[in-house]
Amino acid sequence: MALMKDMKLYDGNERILRELAAKGFGPDDPLRVSDLTPFDQYHYHGTAAVDEAIGALGLKPGMRVLDVGAGLGGPARYMAERAGVHVTALELQEDLSDIAEGLTRRCGLSAQVSHACGNVLDGIDGSYDAIISMLCFLHIPDRTRLFQVCRAALRPGGRMYVEDYGQARSPSPSEAAALAHKVQCPYLPPTEQYRADLFAAGFSDVAMEDVTADWTAFTQSRARAYTAARDRHVSLHGEALVDGLADFYDTVAGLFAGGVISGLKIRAA
């Protein structure tokens with residue numbers, strides 16, 4: 001798990017607390033979900049992507065949802081407020097899970113969002129109407145075990161929605177090293193292998209949407225915007241953290257632009 005901090009998106013996660021302080025929030029002040037959404041959505045396109053997932057999963061009030069790789073809890077809180085669901089936010093990294101739980105408490109959503117720190121490969125306690133995972137599966141090379149666990153955790157008729165990377169072309173040695181170290185993505189399956197792995201785990205209805213062009217544009221725009229605001233970010237977070245994040249954003253943008261990564265939206269039942 002310590003290696004995850006080599007991916008600079010996950011290093012210095014307390015930066016969200018500095019962002020809130022810069023907006024005038026004290027460490028224990030109540031928060032609204034909308035106060036957090038500029039900072040707690042680590043996937044692409046923020047809450048618009050979560051709205052799409054809500055629609056794809058057909059979420060209704062009272063449903064139980066598992067968020068695998070919940071990060072700072074942004075999607076979990078948003079789904080709870082927007083769709084009235086109960087979410088278990090499963091996150092491997094203890095610091096992320098702890099910060100997320102505190103933010104959820106400050107939003108008054110602890111009755112709807114439960115935070116759990118653990119490894120999805122250890123198995124899931126309970127059953128769910130839906131599973132969501134946003135740019136987390138790319139960190140998990142054991143897709144056989146991962147998809148078996150997810151399938152077993154779904155109730156009859158349950159659905160899974162995933163945003164993830166696929167392999168658009170074989171990476172060069174340097175690209176593979178960047179993926180494995182800077183992006184913590186040691187396994188990048190071609191689309192048909194991804195589909196085959198889902199079927200092998202017992203999913204019978206699989207739809208995969210290629211959004212590579214959109215994500216290529218998004219990652220390039222994100223990298224440019226972060227660099228353009230460097231002075232502001234350094235004043236708040238310091239050079240080391242900012243330079244690490246800038247390198248991460250540039251690396252991902254370069255892998256997309258270089259045709260290595262494909263962007264996938266996956267629906268499975």
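Tabulated results
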{"item": "The range 110-119, subset within 12 Å of Thr88 (Cα to Cα) and not small (Gly, Ala, Ser), residue surrounded by the most Cβ atoms within 10 Å (Cβ to Cβ)", "result": "Val113"}
{"item": "Residue in the range 23-36 that is surrounded by fewer than 22 Cβ atoms within 10 Å (Cβ to Cβ), of a type in the set (S, T, N, Q) and either touching a Gly at 6+ places or on another chain (Cβ under 9 Å) or in contact (Cβ under 8 Å) with a residue 24 or more places away in the chain (or both) present", "result": "no"}
{"item": "Qualifying residues in the range 179-199 (those that are out of contact with any strand residue (DSSP E or B) (no Cβ under 7 Å at 6 or more places or on another chain) and in a helix (DSSP H, G or I)) - the one nearest to Gly258 (Cα to Cα)", "result": "Leu179"}
{"item": "Of residues in the range 1-49 being in a loop (DSSP other than H, G, I, E, B), charged (D, E, K, R) and under 21 Å from the mean Cα position of the chain (by Cα), the one farthest from Leu92 (Cα to Cα)", "result": "Arg32"}
{"item": "Residue in the range 174-193 that is within 18 Å of Thr216 (Cα to Cα), within 20 Å of the chain's Cα centre (by Cα) and of a type in the set (Asp, Glu) present", "result": "no"}
{"item": "Filtered residues of the range 160-175 (kept if assigned to a loop (DSSP other than H, G, I, E, B) and small (Gly, Ala, Ser))", "result": "Ala168, Ser170, Ser172"}
{"item": "Selection from the range 100-139 of residues that are out of contact with any strand residue (DSSP E or B) (no Cβ under 9 Å at 6 or more places or on another chain) and either under 21 Å from Ala268 (Cα atoms) or acidic (Asp, Glu) (or both)", "result": "Leu121, Asp122, Gly123, His139"}
{"item": "Selection from the range 72-99 of residues that are under 25 Å from Gly58 (Cβ atoms), among the hydrophobic types (A, V, I, L, M, F, W, C) and within 13 Å of the chain's Cα centre (by Cα)", "result": "Ala76, Ala89, Leu90"}
{"item": "Residues that are of a type outside the set (Val, Ile, Thr) and in contact with a strand residue (DSSP E or B) (Cβ under 6 Å, 6 or more places away or on another chain), drawn from the range 156-178", "result": "Gly158, Arg159, Met160, Tyr161, Glu163, Asp164, Tyr165, Gly166, Ala168"}
{"item": "Of residues in the range 53-79 being assigned to a helix (DSSP H, G or I) and among the small types (Gly, Ala, Ser), the one nearest to Asp205 (Cα to Cα)", "result": "Ala56"}
{"item": "Matching residues, the range 217-252, being within 17 Å of the chain's Cα centre (by Cα) and farther than 17 Å from Arg15 by Cα", "result": "Phe218, Thr219, Arg222, Val252"}
{"item": "Test result for Thr104, in contact (Cβ under 8 Å) with a residue 12 or more places away in the chain, closer than 21 Å to Ile131 by Cβ, surrounded by fewer than 22 Cβ atoms within 10 Å (Cβ to Cβ) and touching a His at 6+ places or on another chain (Cβ under 9 Å)", "result": "no"}
{"item": "Flag for Ala213 being farther than 17 Å from Cys136 by Cα, within 20 Å of the chain's Cα centre (by Cα) and not basic (Lys, Arg)", "result": "yes"}
{"item": "Condition check for Thr104: more than 21 Å from Cys150 (Cα to Cα) and under 15 Å from the mean Cα position of the chain (by Cα)", "result": "no"}
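Throughout, read-outs are computed from the coordinates displayed, never taken from laboratory work. Predicted model, so just to flag it, every value in this text is computed and none were measured. Don't worry about glycine lacking a Cβ; one is built from the backbone with ideal geometry, like all the others, and counts go over all protein chains shown.
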